[in-house]
1. For the range 199-206, indicate whether the set of residues that are surrounded by fewer than 20 Cβ atoms within 10 Å (Cβ to Cβ), within 17 Å of residue 239 (Cα to Cα) and not acidic (Asp, Glu) is non-empty.
2. Do any residues in the range 115-128 that are at pLDDT 95 or above have Cβ atoms under 8 Å from those of residues that are assigned to a loop (DSSP other than H, G, I, E, B) and surrounded by 17 or more Cβ atoms within 10 Å (Cβ to Cβ), where the two are at least six apart or on different chains, and which pairs are they?
3. Kindly evaluate residue 54 against the criterion of being within 13 Å of the chain's Cα centre (by Cα), on the phi < 0 side of the Ramachandran plot and of a type outside the set (A, V, I, L, M).
4. Would you mention how many residues in the range 91-111 are part of a helix (DSSP H, G or I) and under 41 Å from the mean Cα position of the chain (by Cα)?
5. Condition first: farther than 29 Å from residue 50 by Cα, in a helix (DSSP H, G or I) and over 26 Å from the mean Cα position of the chain (by Cα). Can you find one or more residues in the range 131-147 that meet it?
6. Can you tell me how many residues within the range 49-82 are of a type in the set (A, V, I, L, M, F, W, C), in a loop (DSSP other than H, G, I, E, B) and free of Cβ contacts under 8 Å to residues at least 12 places away in the same chain?
7. Exactly one condition in (1) under 30 Å from residue 186 (Cα atoms); (2) out of contact with any Pro (no Cβ under 7 Å at 6 or more places or on another chain) is false for residue 56; which is it?
8. In the range 135-147, what residues are under 20 Å from residue 158 (Cβ atoms) and in contact (Cβ under 8 Å) with a residue 40 or more places away in the chain?
Amino acid sequence: MITGTVNFGRLAPLLRQAPAIARPAMQSFMRDSARALISSSGAVPGLVQVTPPSQGKANTAAKKTGEAAVMRDIYQVYTTPGKVYELLRALDAGAAAAFWIHVKKKRWEVAQSILDRFPSLPSYARKLEAFDDGREHRARRGRNGRVRGNKPSMIIAEPKWVRRYIREKQQLVGMLAASIPSAYNGRFGALKGVPAWISRHGGSWARGYVTERQDTNGTLITIGLDAGSELNAETQRRFNYVLGYRVKAMQRQIPFIARSLEAKIAAQIGRV
């Protein structure tokens, strides 16, 4: 549960003096703030805007950053015959040229026999293999989703399968950020600042909820999200970061709301 305390200053006595006038305005204020906490198109970012790959702005640049990170991580796991050709050329240019000819013609056994002659090649570059549908990539991902280590595990004989796998994984960029609006589920109206590359993941895998409770003390809005044990701590850190900025924004708004309520109360008294 994410909680924050706001000093309402002179709003408190106004709420006690004229609850029929003040409470609806305060409820609207809290709901608007909850929406902005989740996602905002203004200067103060929401949770969507600080969830990777976004770093304050959920825009096209953030999407491209995420897609580039996906490609980089996958190519840390799977190398291609072209990379192996470069390694082989440093050892024997003639063998490298022959290796490349056989690769281009998909003569895998002959190409492999050339590699077998060079045990000094790095271990990952000694055997041409079929693509494993991403098993090695999944095995090397850490708790934060990034690949561990900086050396490839396998040479994939036909790189087209790696490229297709990259495109599939790039389509998942924005899924973590989509968990938050998915949990919100339009509770207090439409969100602002959620781009299509995030909203496309409407049925996100993370479980969450938004609740509202009214009592004599006011309005309590609770936002909860379970992103899985490996991501919850980092998600909580971002929640706390954004909540701090949102509370400050709410405090800046309070004097204006107080003046508006005072004017409404004065007008109401004047009609009595």
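The values are calculated or read from the model by the stated rules, or taken from the named source; none is laboratory data. None of these values were measured; they are calculated from a predicted model. Positions of Cβ are backbone-derived with ideal geometry, glycine not excepted, and every protein chain shown enters the neighbour counts.
1. yes
2. Every condition considered, the pairs that remain are 115/121; 128/157.
3. Yes; evaluated as a whole, the condition is true for this residue.
4. 4
5. Taking every residue of the range 131-147 in turn, none turns out to be farther than 29 Å from residue 50 by Cα, in a helix (DSSP H, G or I) and over 26 Å from the mean Cα position of the chain (by Cα).
6. Total satisfying the criteria: 0.
7. Result: residue 56 passes all but (2).
8. Within the range 135-147, 136, 137 qualify.
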